[in-house]
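Undergrad: I have a structure I would like to understand better, so I am pasting it below and will then ask my questions one at a time.
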Amino acid sequence: LPVWIPFPLWTEQLQKDRNCSLEDLLQEYFHSWDEDRLWPIVKQTLNDERLLLLVDGLDEWTSQSAAEVAVDKLQVFVQQRNVPAIVSGRPQGFAKLRWKRSGWDVVHLATLSAAQQRRFADIWFIHRAKAIAASRGTSAEAAVVIGQHDAHSFLDEVAKTASVAELMGVPLLLRILIFFRFRNSPLPEN
């Protein structure tokens, strides 16, 4: 049973109550969503090795001391119950919290290649151009050409600023830059 755990929420709870366990967090989290009926199912999986923890945002805490307590509690929980877990965050989040890597596989997501960035931008710009073309009665074929041209112009502009160009390798950040362009907002300079 996959259960998503927002790490920042746990650190907030630990700031209020240092004794907040993972089990306490999960029960409160389901309650906050009016899903108390799910808690007995999740509670049962906590001890019978059917739970998959997906802990997200290891680098998004506001209190380092609370985050360190959460990391320690998480590692003990996983080890004691033999629960599979996927923990995500940017590398600096792991480094600051002194993550004990023994027994954990560590992977790094690859950045998008230049060709993948072009394809990603093409998809978004062509989609937008087709939507505009449909509202104006322009052909879809013309929209594809316009979309590709706009995408390549956008990528060329972003590439001129090295620090911003680095962001294009991360799909989420590339999409945010595209969003800025669609809103006619200036692109960041750093």
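Undergrad: Test residue 38 against the criterion of being free of Cβ contacts under 8 Å to residues at least 12 places away in the same chain, surrounded by 14 or more Cβ atoms within 10 Å (Cβ to Cβ) and in a helix (DSSP H, G or I), and give yes or no. Talk me through it step by step, then tell me what you get.
TA: Working: free of Cβ contacts under 8 Å to residues at least 12 places away in the same chain: yes; surrounded by 14 or more Cβ atoms within 10 Å (Cβ to Cβ): yes; in a helix (DSSP H, G or I): yes.
So residue 38 passes the test.
Residue-by-condition table, conditions (1) closer than 22 Å to residue 88 by Cβ; (2) surrounded by 14 or more Cβ atoms within 10 Å (Cβ to Cβ); (3) in contact with a His (Cβ under 8 Å, 6 or more places away or on another chain):
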| position | (1), (2), (3) |
| --- | --- |
| 107 | yes, no, no |
| 131 | no, no, no |
| 139 | no, no, no |
| 143 | no, yes, no |
| 146 | no, yes, no |
| 150 | no, yes, no |
| 184 | no, no, no |
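Undergrad: Whether any residue in segment 85-93 is open to solvent by less than 70 Å² (accessible area, probe 1.4 Å), without any contact (Cβ under 8 Å) to a residue 12 or more places away in the chain and closer than 30 Å to residue 53 by Cα is what I want to check. Give the steps one after another, and end with the answer.
TA: Our first condition is that a residue be open to solvent by less than 70 Å² (accessible area, probe 1.4 Å); within segment 85-93, this holds for 85, 87-89, 93.
Now drop any that are not without any contact (Cβ under 8 Å) to a residue 12 or more places away in the chain, which leaves none.
No, segment 85-93 has no match at all.
Undergrad: Right, next: Checking residue 54 against (1) among the aliphatic types (A, V, I, L, M); (2) at pLDDT 90 or above; (3) closer than 30 Å to residue 110 by Cα; (4) crowded, with 17+ Cβ neighbours inside 10 Å, which test does it fail?
TA: Tallying (1) among the aliphatic types (A, V, I, L, M); (2) at pLDDT 90 or above; (3) closer than 30 Å to residue 110 by Cα; (4) crowded, with 17+ Cβ neighbours inside 10 Å, residue 54 fails exactly one: (4).
Undergrad: Restricting to segment 4-34, name every residue that is in a loop (DSSP other than H, G, I, E, B) and either of a type outside the set (D, E, K, R) or open to solvent by less than 50 Å² (accessible area, probe 1.4 Å) (or both). Let's see the steps before the verdict.
TA: Quick first cut of segment 4-34, residues in a loop (DSSP other than H, G, I, E, B) only: 17-21, 33-34.
Of everything in segment 4-34, those that are in a loop (DSSP other than H, G, I, E, B) and either of a type outside the set (D, E, K, R) or open to solvent by less than 50 Å² (accessible area, probe 1.4 Å) (or both) turn out to be 19, 20, 21, 33.
Undergrad: Something else about it: How many residues are among the small types (Gly, Ala, Ser), assigned to a helix (DSSP H, G or I) and out of contact with any Leu (no Cβ under 6 Å at 6 or more places or on another chain) if we restrict to segment 56-74?
TA: So in segment 56-74, the residues among the small types (Gly, Ala, Ser) come out as 57, 63, 65-67, 70.
Next, only the ones that are assigned to a helix (DSSP H, G or I) stay: 65-67, 70.
Now narrow it down to the ones that are out of contact with any Leu (no Cβ under 6 Å at 6 or more places or on another chain): 65.
Total satisfying the criteria: 1.
Undergrad: Could you say which residue among 125, 154, 179 is assigned to a helix (DSSP H, G or I), under 21 Å from residue 90 (Cβ atoms) and either without any contact (Cβ under 8 Å) to a residue 60 or more places away in the chain or of a type in the set (Lys, Arg) (or both)? Give the derivation first.
TA: On the way: 125 fails: under 21 Å from residue 90 (Cβ atoms); 154 fails: under 21 Å from residue 90 (Cβ atoms).
Answer to the selection: 179.
Undergrad: Then there is this: Failed condition for residue 103, given (1) in contact (Cβ under 8 Å) with a residue 24 or more places away in the chain; (2) in a helix (DSSP H, G or I); (3) not aliphatic (A, V, I, L, M), with all others met?
TA: Of (1) in contact (Cβ under 8 Å) with a residue 24 or more places away in the chain; (2) in a helix (DSSP H, G or I); (3) not aliphatic (A, V, I, L, M), only one is false for residue 103: (2).
Undergrad: Inside segment 57-84, can you point out the residues that are open to solvent by 30 Å² or more (accessible area, probe 1.4 Å) and aliphatic (A, V, I, L, M)?
TA: If the condition is that a residue be open to solvent by 30 Å² or more (accessible area, probe 1.4 Å) and aliphatic (A, V, I, L, M), then 69, 76 are the ones that fit.
Undergrad: Further question: Of a type in the set (A, V, I, L, M) and in a helix (DSSP H, G or I), is that true of residue 110? Steps first, answer last, please.
TA: Numbers: of a type in the set (A, V, I, L, M): yes; in a helix (DSSP H, G or I): no.
Criteria not met by residue 110.
Undergrad: Are there any pairs, at least 6 apart or on different chains, whose C-beta atoms fall under 9 Å, with the first in segment 59-73 and free of Cβ contacts under 8 Å to residues at least 12 places away in the same chain and among the charged types (D, E, K, R) and the second surrounded by fewer than 17 Cβ atoms within 10 Å (Cβ to Cβ) and not in a helix (DSSP H, G or I), and if so, which?
TA: Taking only residues 6 or more apart or on different chains, the pairs are 72/100.
The values are calculated or read from the model by the stated rules, or taken from the named source; none is laboratory data. Every value quoted in this text rests on a predicted model; they were computed, and no experiment measured them. A quick note on method: Cβ atoms are made from the backbone with ideal geometry, for glycine too, and the neighbour counts reach across all protein chains shown. What goes into the accessible areas is simple: the full protein's heavy atoms, side chains included, and nothing from ligands, DNA or RNA. Shrake-Rupley method; radii C 1.70, N 1.55, O 1.52, S 1.80 Å.
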